[in-house]
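Just below is one structure, and these are the notes that go with it.
The values are calculated or read from the model by the stated rules, or taken from the named source; none is laboratory data. This is a predicted model, so every value here is computed, not measured. Glycine also receives a Cβ, built like all others from the backbone with ideal geometry; neighbour counts cover every protein chain displayed.
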Amino acid sequence: MYIFGGYDGKTRFSDLFKCNLRKATFKWKRIAGDGTLPLNRFGHSAVIYEHSMFIFGGWNGHDTLDDIY
């Protein structure tokens, strides 16, 4: 399972984390991104297709985003 971005009530994030559910350890690991990272955001859509994650839209605290990474 992967999680990107989020909001803790003060800060919007552009972090990417992975949790291996198959080993049932439920330990999260931060993944370093390659290339250009999306702006910090929450409320976005994300999907994993083959070996890539695609992130669309969201909100950065000021603007509604309509970009895709």
Q. Name the residues in the stretch 1-30 that are of a type in the set (A, V, I, L, M) and not in a loop (DSSP other than H, G, I, E, B), would you?
A. Ile3, Leu16
(Q) Considering only residues that are of a type in the set (Ser, Thr, Tyr), at pLDDT below 80 and either farther than 21 Å from Leu65 by Cα or surrounded by 14 or more Cβ atoms within 10 Å (Cβ to Cβ) (or both), which ones fall in the stretch 10-43? (A) Thr25
Q.
If I filter the stretch 46-69 down to residues being in a strand (DSSP E or B) and of a type in the set (Asp, Glu), which single residue comes out as nearest to Ile31 (Cα to Cα)?
A. Asp67
Q. How many residues are closer than 21 Å to Glu50 by Cα and free of Cβ contacts under 8 Å to residues at least 40 places away in the same chain when one looks only at the stretch 1-13?
A. 2
Q) What tally of residues in the stretch 16-69 results from selecting those that are hydroxyl-bearing (Ser, Thr, Tyr) and touching a strand residue (DSSP E or B) at 6+ places or on another chain (Cβ under 9 Å)? A) 4
